[in-house]
Amino acid sequence: MKKSDLAIAIGIMIAATMLGSAQTQTPQVLPKQQCSLAVVSHLVASGTPVCDSAVVQNMARSGRAFEQNQLGIASILAIGPDYSQKEALAWFEKAAQRGYAPAQVNLAVMYINGWGTPVNSGAALNWLHAAADQGFARAYFNLGILYLEGKGVRQDNSAAFQWFQKGALGGDGSAQTNLGYMYDGGLGCAKNLGTAVAWYRKAAEAGNPLAENNLGDMYLHGEGVTQNDAAAFSWFQKAAAQGHTGARIKLGYLYSEGRGTPKDREAAYSSITAATMAGDPRGNDLLHSLEKSLRPEQIKRACQRASSLSQAEPQLSAGTFAQ
């Protein structure tokens, strides 16, 4: 298993929303402040009021870019029977044309992935640069990914490093994680494990699951930081709680060996099985080994626990969305 992971998903930007239930508004009287859709409000938290869909739709139709972006988000996630990728593209384009940076990033993502439109790397680059020109950190992250993977541009680790650095300094957690990864591997920069740890930690402390996993790796291997099984276990546990499958497998390994935590092979089996259920088979060898040391009732409990973990996970990966 690869020691540290890279955030490679081109991220949709969810504009600030808040936790809570919809607040009924009168459609004819449009609020002056921004309004988020209740159906996407559970994804991120902020002080933006939640309004019902009729209010948000009216605000979007009146040319309000924030609400247009909200409808685009709901559409690309297919939250409701009337939403579609083409509708998402249309709403993102309306908001992007008004200069709204999150929508410009979202529109670029649509073009990069061919969602609701043919793939168009040139259009994607134009929109990402438009958002980057506004100092929007998520645009920097996505530009870094394009240069790292050579999508629509010549592959260039140095350029990727520079874009990730701009995004990291701008506070984007995925960019911070990838900047740590670049320092970790010496990609586009001089290798510096201490600096890698610092960037992983910054993003991890803000709750980025990929950074939590990578920081756990650094503690597990004693790279850039003093080796510490307990710290590794703690960071893997945080990442696993957010559904990171690699962290779940490593957590299973630590449980099975009693490193950083009391030995608990049933918990190990449960953690690795949850990763397998999510489509990550990398822990299967350890899983088969654990089966030999567990009683049938222990395996049954572990599988039930793994199933409940999978069902409790959000349908959308936290790593896919920026805040």
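The values are calculated or read from the model by the stated rules, or taken from the named source; none is laboratory data. Just so it is clear, the structure is predicted and the values come from calculations on it, not from any experiment. All Cβ positions, glycine included, derive from the backbone under ideal geometry; neighbour counts span all protein chains shown. These area figures cover heavy atoms from the full protein model, side chains too; ligands, DNA and RNA do not enter into them. Shrake-Rupley method; radii C 1.70, N 1.55, O 1.52, S 1.80 Å.
By definition, a body whose alpha carbon gyration tensor gives a ≥ b ≥ c is oblate when a/c is 1.5 or more and a/b is not larger than b/c, and the range 84-138 fits this oblate description. Each residue, SER84 and ASP285, gets one label point 7 Å from its Cα in the Cβ direction; the gap between the two is 4.8 nm. Straight-line cross-link reach from LYS32 at under 22 Å between alpha-carbon atoms covers these lysines, not counting any fewer than eight positions away in the same chain: LYS94.
The convex hull of the Cα atoms of the range 62-169, projected and averaged over all directions, covers 6.6 nm². For the range 161-204, the fraction of C-alpha pairs farther apart than 12 angstrom is 46 percent.
Over all other residues within a Cβ to Cβ distance under 12 Å of SER293, the charged ones net out to +1, with Lys and Arg as +1 and Asp and Glu as -1.
Within the shell of other residues whose beta carbon sits under 12 angstrom from the beta carbon of SER270, the net charge comes to +3, with Lys and Arg scored +1 and Asp and Glu -1.
Report the full-extension gain for the segment LEU169 to SER307: residue separation times 0.36 nm, less the Cα-Cα distance, to one decimal in nm.
Details: separation 138, 0.36 × 138 = 49.68 nm, distance 3.88 nm.
Extending this stretch completely gives an extra 45.8 nm.
Between GLN227 and ASN192, how high is the FRET efficiency from 1/(1 + (r/R0)^6) when r is the Cβ-Cβ distance and R₀ = 22 Å? Nearest 0.05.
Values: r = 18 Å, r/R0 = 0.83.
Between GLN227 and ASN192 the formula returns 0.75.
Across the range 98-106, coupling constants 3J(HN,Hα) worked out from phi with the 6.51/-1.76/1.60 Karplus curve, θ = phi - 60°, read 7, x, 7, 4, x, 5, 4, 5, 4 Hz, and Gly and Pro carry x.
Across the range 229-279, the convex hull enclosing all Cα atoms gives 50 Å³ per residue. Rounded to the nearest 0.05, the FRET efficiency derived from the C-beta distance between SER62 and ALA206 at R0 = 51 Å is 0.90.
Using only Cα coordinates, the Kirkwood hydrodynamic radius of the range 140-216 works out to 11.8 Å.
In terms of overall dimensions, the range 168-323 has a Cα radius of gyration and Dmax of 16.1, 52 angstrom.
Please give the FRET efficiency for LYS32 paired with SER121, using the beta carbon to beta carbon distance and R0 = 41 Å, rounded to the nearest 0.05. Mind showing how you got there, number by number?
On the way: r = 39 Å, r/R0 = 0.94.
Computed FRET efficiency for LYS32 and SER121: 0.60.
Computed over protein heavy atoms with a 1.4 angstrom probe, the accessible surface ordering of GLU223, GLU212, largest first, is GLU223, GLU212.
In whole percents, the pair-distance distribution calculated for the range 67-114 from its alpha-carbon pairs, binned every 10 Å from zero, is 34, 56, 10.
Computed from label points 7 Å out along Cα-Cβ, the spacing between ALA54 and ASP156 is 5.2 nm.
Note on ASP133 and GLN298: the model spin-label points, each 7 Å out from Cα along the C-beta direction, lie 6.3 nm apart.
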